[in-house]
1. For the stretch 147-166, give me each residue that is surrounded by fewer than 20 Cβ atoms within 10 Å (Cβ to Cβ), within 15 Å of the chain's Cα centre (by Cα) and among the charged types (D, E, K, R).
2. Restricting attention to the stretch 96-114, and to residues there that are at pLDDT below 95 and of a type in the set (Asp, Glu), which single residue is nearest to Phe154 (Cα to Cα)?
3. Run down Leu18, Leu52 and say which single residue is closer than 23 Å to Thr123 by Cβ, among the hydrophobic types (A, V, I, L, M, F, W, C) and either in contact with a His (Cβ under 7 Å, 6 or more places away or on another chain) or surrounded by 14 or more Cβ atoms within 10 Å (Cβ to Cβ) (or both).
4. Given the criterion touching a residue at least 24 places away in the same chain (Cβ under 8 Å) and of a type in the set (Lys, Arg), identify the matching residue among Lys19, Lys54, Lys14, Lys23.
5. Go through the stretch 148-171 and count every residue that is in contact (Cβ under 8 Å) with a residue 40 or more places away in the chain, over 16 Å from Ile39 (Cβ atoms) and either in contact with a Lys or Arg (Cβ under 7 Å, 6 or more places away or on another chain) or part of a strand (DSSP E or B) (or both).
6. Just for the stretch 103-114: of the residues that are touching a residue at least 60 places away in the same chain (Cβ under 8 Å) and in a loop (DSSP other than H, G, I, E, B), which one is nearest to Asp48 (Cα to Cα)?
7. Working only within the stretch 120-144, note down all residues that are touching a helix residue (DSSP H, G or I) at 6+ places or on another chain (Cβ under 7 Å) and within 22 Å of Val6 (Cβ to Cβ).
8. Select from the stretch 27-50 the residues that are closer than 19 Å to Ile135 by Cα and hydrophobic (A, V, I, L, M, F, W, C) and list them in ascending order.
Amino acid sequence: MSNYVVVGRFNEQKDRQLKELKKLLSDEGYSVPEWPPHITISAYEDFDEELLCKWTSNFASKHTKQKISLHSLSVLPPRGEHTETAVICLDPAHSKSFVDFYYEFHKKYEEYCTGIGWFNSITHGNPVIHATIGIVKVIDMQKMMELIFSQDIFGEAEITALEVYTYPMRLIKRFDLK
């Protein structure tokens, strides 16, 4: 039993745009995640890899690619031991079709979405559906946001696949959506 994360991967153009943004932010000294660009769908603690891959495969085989609109940023505020930093995220519009897709994925195994999966859980309150861009000192937020706004990252995108990773990050398997 280990910890796992299921992510929704973007179409090639959006993936490229977000990788270019990550490089720019990294070159400017900001902390960016090592993960490929994605929206986190769920995160599990003490779960079985085979069950998760079977569920993800079955789910992906029955669902089409998800059109999403990425037109806003959000901030996950400082908390716990990280009192001087915040997380900047790109947020998808909460269209009914995408929210239904997200919630339907959580129909199985939601009880394992604890700890690392708290922000993604549908039973622990309203999930924070987001794509992490980077971590920033609170006093540097405006400069980082100005860099983000200078890039062509906002607009339409598509979730084309679900990927299962170990946590910390190691890709286990990719499941393309129809």
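The values are calculated or read from the model by the stated rules, or taken from the named source; none is laboratory data. Every value quoted in this text rests on a predicted model; they were computed, and no experiment measured them. All Cβ positions, glycine included, derive from the backbone under ideal geometry; neighbour counts span all protein chains shown.
1. Glu158
2. That would be Glu110.
3. Leu52
4. Lys14
5. Summing the residues that are in contact (Cβ under 8 Å) with a residue 40 or more places away in the chain, over 16 Å from Ile39 (Cβ atoms) and either in contact with a Lys or Arg (Cβ under 7 Å, 6 or more places away or on another chain) or part of a strand (DSSP E or B) (or both) in the stretch 148-171 gives 1.
6. Filtering the stretch 103-114 for residues that are touching a residue at least 60 places away in the same chain (Cβ under 8 Å) and in a loop (DSSP other than H, G, I, E, B), the one nearest to Asp48 (Cα to Cα) comes out as Tyr109.
7. Ser121, Ile122, Thr123, His124, Pro127, Val128, Ile129, Ile133, Gly134
8. Across the stretch 27-50, the qualifying residues are Val32, Trp35, Ile39.
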